[in-house]
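The numbers here are math on the coordinates, done by the rules we state, and not lab data. Nothing here was measured: the structure is a model prediction, and the numbers come from that model. Glycine gets a Cβ as well: all are built from the backbone with ideal geometry, and neighbour counts include every protein chain shown.
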Protein chains: 2
Amino acid sequence: MGQARCIQIKKEDNVAVATRDIQAGTEVFPGLTTKQDIPQAHKITLRDISRGEAILRYGVVLGYARDFIPEGSLVSEHMLSLPEPPGLDSLTFGAQIAVNLPDPPVMSWEGYEVSGEAYGGTRNILGIHTTVQCVAGVLNAAVDKIRREILPRYPAVDGVVPVNHAYGCGVAIHAPEAIVPIRALQNLVKHPNFGGIIMAVGLGCEKLTADRLLPPDANKPENLILLQEQKGFGQMVAAICAMAERKLALLNQRKRSALPLSKLMIGFQCGGSDAFSGITANPAAGYASDMLVKGGATVLFSEVTEVRDGVHLLAQRCVSEEVGKKLIREMAWYDRYLQEGSVDRSANPTPGNKKGGLANIVEKAMGSIAKSGTAPIIDVLAPAERPRRVGLHFAATPASDFVCGPCQLASGIGIQVFMTGRGTPYGLASIPVVKVCSRNELKEQWPDLIDVNAGPVITGEASIADIGLLLFREIIETASGRKKSFAEAYGLYNDLCIFNPAPIT
Amino acid sequence: MGQARCIQIKKEDNVAVATRDIQAGTEVFPGLTTKQDIPQAHKITLRDISRGEAILRYGVVLGYARDFIPEGSLVSEHMLSLPEPPGLDSLTFGAQIAVNLPDPPVMSWEGYEVSGEAYGGTRNILGIHTTVQCVAGVLNAAVDKIRREILPRYPAVDGVVPVNHAYGCGVAIHAPEAIVPIRALQNLVKHPNFGGIIMAVGLGCEKLTADRLLPPDANKPENLILLQEQKGFGQMVAAICAMAERKLALLNQRKRSALPLSKLMIGFQCGGSDAFSGITANPAAGYASDMLVKGGATVLFSEVTEVRDGVHLLAQRCVSEEVGKKLIREMAWYDRYLQEGSVDRSANPTPGNKKGGLANIVEKAMGSIAKSGTAPIIDVLAPAERPRRVGLHFAATPASDFVCGPCQLASGIGIQVFMTGRGTPYGLASIPVVKVCSRNELKEQWPDLIDVNAGPVITGEASIADIGLLLFREIIETASGRKKSFAEAYGLYNDLCIFNPAPIT
């Protein structure tokens, strides 16, 4: 099967996407010749489009033509007027509940069970939590020492992660939206990769006091060091090292065991998307997601501003009106949040998305939603909330890669799958991140950063199901510790950017 | 001169501050006996106070008594109702322009001149700027290698700092308030400690594109690496190391020379304050600030929410109505920002401030303003703006220590002086931070973190002028590189938390 020059997704579409750079005068479909050069991933009109006519891709209106566009032309951002986002008042819930999901090839993985926790860990890590950014300098100095001098004695432990963040003091801790960062930090303490072993460092005068951060039964001297109670820098480092050693000894006893898929939680995210993301990497991720859900796993997909324009499609997949109402609640919250900051809808996509052929947020949204597959949406989570049941969740978070990641991490994901078209070296410190690219060119450009290539879908060498299955296996291998993702192997990770929609004081 | 048990600041004050823990039944002034235990740094009533009567400290109304308070009692937070902050509509400007500032003992320091820049550098550092958080993982990996393998060959360079931040993508880059983080990052590129040598790492699809970040003449391939243009992780690291080596060779030629004080910019901040901060550390800092200003230096003090209640006092010190109007503009901006986030005025002080005896934001503000000394306010800066003239500036920033610090750094300070009562190990990566404590007990507790102790002012062993002079000398020694502050010597620094009042998308 050869590589088509263009991909038309739905029959009713009046644009197709170029699979590679196409010169003017090329016959791309029988009888259809390009009137100008079309860069790879950009859209080409399949027939004449009148001024004001809808431009359709994925069978969805991306926008309306500002002027007449002749057949065979490039369609770029400024040629479309953006449609209004779907209203939140008249959505239909439960109209499209999929029942035929693909069967997973295996039903178990190997993880670390955590007493009292619904999900298993994918790694064995000493997380050192912090109440406030003030302590970061001292903690980093201590962690350097721990990694060098103590960790090597505990070979069953994968690493030590200082959970530094920008929250904790100089914040409006009673502001209504403070619940978001506080919940995120509280839930990070419970992350299964930290094995229920609690260690925290605070200062002693912060607003996010230890009793706010830690579960009540964990807030005790054996788990907490307050720097203001220590006699100088030397003793601070010594106290942190001594506590870390006690915790490492406990973590060193953890062992992996075979666990059902119902004990695995996976996060899906995309970033640096291009026009192929919605054809290759994201649908393949959606296929893997469907298999995971069929096998009983919990899957999170996110990014409010990137699904906002397809909210009617998500609403139809919500299993109940109760879940649908949560979806509306989260969308409405974000609409208001952006409006208060005077953000217009053109803030997303990014310049890179546009270079990648994405004309506007509607087109990006359709691609973004593809990663959720077809499974029913069993529940909707507020940012950084923990799931209460297995299955597919819409976890409301910002679309910003490095803010979405920590939110999903706080929800408890043991592994994240990250689809990209333009490429980003994004990573998280406490869990593996598996990268999936949308085009062969990116895999060739970044052979040692992209874990799974969905590009063969474009060239016709593989189907979406083929890549979906490949990705499913990669998820299981990586979650089970039999494989490391590239980002993990190199130790590439981003700062833990906690979402704080409340003011700084 | 012995240690008084209590300190009364102004004659009209009806409360004093305990210099140490005082038991009930102790005669603290002739005829005045404590009715209950008074912890160190807390306030004691000097006479009976009726319900509704003003409670005065610093000659200023801290609040109104909610109930009758007998003489000799502890005054705590909940016993005061908070007064309204001064209105912004009827302020008087220029009514109190000090002319007699103390003379500095020296008029020069040793710094690194930077061509075309008004201020000299205090350190010689390779700053590697970033357009976006996405690149942090790769950059950190490269910087580890640079520090290990390349930096030792350039002994005249003090260090390599990756200027990682949470901005750059997934942000509302056209939102009105986006100007704040963008200005901060743009001005950091120009920081004198980086010597005008420009190096930046971007991804290639971010919203904060390199042409937005870098000055127009600096945005060229010899200064910029875009990771999406590199062939994989290995080449990314190699490209960063190679560029760093070229830049280090240039920086290695920098030399210190004697510079006038007019080429030194100093930031003042306080954090983890207690009721002594306003009596010892902050007034001593104010004295040093007055000497610096008299000598022609540029001094920044900040923290909007901590001066808001004393804005009428600052207004009187503004040199012109033009400057006064800028002060009002910044206060009004912050009032609105907090109001939109539904923050009430009790969000500051922190629990630690309260433990330290600070009843409310009025009391904290009076102590905070003391660090600005008495010099006229020559100008007011928006967050992260660069000064245009020498002298004392109010640089509007959040009060959060680790957010104020990066704002002042972006304004261009070469050294920061940090006053604390409770103690914090806060630090910045690119400049030295000198810590001044308000009490002997903190110096005893943290002997290897506190650089200057203002506690002897309480015990009567030193005057404010004595400590002010000591601090002035410490500033000059440290700025000139003849001394390192403790935080600098240990390499303690906080994350670069850039103030972003705009939404995340």
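How far, in nm, would the chain grow between B:HIS312 and B:THR33 when pulled straight, counting 0.36 nm per residue and subtracting the alpha carbon separation?
96.9 nm
A simple count of charges around B:VAL390, restricted to other residues whose Cβ falls under 13 Å of its Cβ and scoring Lys, Arg +1 and Asp, Glu -1, yields +4. Annotation for segment A:190-206 versus segment A:376-413: alpha-carbon center distance of 21 Å.
Computed over the Cα atoms of the protein assembly as shown, what is the ratio Rg over Rh, Rh following Kirkwood?
Reported Rg/Rh (Cα atoms, Kirkwood Rh): 0.99.
Amide H to amide H, with H built 1.01 Å from N, A:LEU259 comes under 5 Å of A:TRP109, A:GLU110, A:GLY111, counting only residues 5 or more places away or on other chains.
Between A:SER342 and A:ILE97, what length in nm is gained on full extension when 0.36 nm per residue of separation is reduced by their alpha carbon distance? Intermediate results must be reported in sequence, preceding the final value.
Details: separation 245, 0.36 × 245 = 88.20 nm, distance 3.64 nm.
Full extension of this stretch gives 84.6 nm more.
With a cut-off of 15 Å between beta carbons, the residues surrounding B:LEU56 carry a summed charge of -2, where Lys and Arg count +1 and Asp and Glu -1. To the nearest ten degrees, helix A:281-294 and the longest principal axis of the Cα atoms of chain A are 60 degrees apart.
Suppose R0 equals 41 Å; then what is the FRET efficiency for B:ALA156 and B:ILE179 from their Cβ-Cβ distance, rounded to the nearest 0.05?
0.65
In terms of surrounding Cβ atoms within a 10 Å radius of their Cβ, B:LYS190, A:LYS220, A:LYS207, B:LYS371 rank from fewest to most as A:LYS220, B:LYS190, A:LYS207, B:LYS371. Each label was represented as a point 7 Å from its Cα along the Cα-to-Cβ direction; for B:ALA118 and A:ARG329 these points are 5.2 nm apart.
Placing a label point 7 Å from Cα along the Cα-to-Cβ axis, B:SER81 is separated from the same position in the other copies by 5.6 nm, shortest listed first.
Near A:GLY267, once Lys and Arg are set to +1 and Asp and Glu to -1 for all other residues with Cβ below 12 Å from its Cβ, the sum equals -1. Exposure proxy shown here: for B:ARG246, B:ARG212, B:ARG439, B:ARG148, the number of other Cβ atoms within 10 Å sets the order, fewest to most, as B:ARG148, B:ARG246, B:ARG212, B:ARG439. Among the listed pairs A:LYS190/A:LYS354; A:LYS294/A:LYS435; B:LYS207/B:LYS231; B:LYS247/B:LYS484, a Cα-Cα separation exceeding 31 Å is found for A:LYS190/A:LYS354. Legend: distances between Cα atoms for B:LYS263/B:LYS325; B:LYS364/B:LYS483; B:LYS10/B:LYS371; pairs beyond 29 Å are B:LYS364/B:LYS483.
For segment A:112-133 versus segment A:1-65, the spacing of their alpha-carbon centroids is 48 Å. Expressed as a fraction of 2.2 N^0.38 Å, the value expected for a compact globular protein of N residues, the C-alpha radius of gyration of segment A:6-81 is 0.98.
So how far apart, in nm, are the two label points at B:VAL106 and A:ASP211 if each is 7 Å from Cα heading toward Cβ? Computed distance between label sites B:VAL106 and A:ASP211 equals 5.0 nm.
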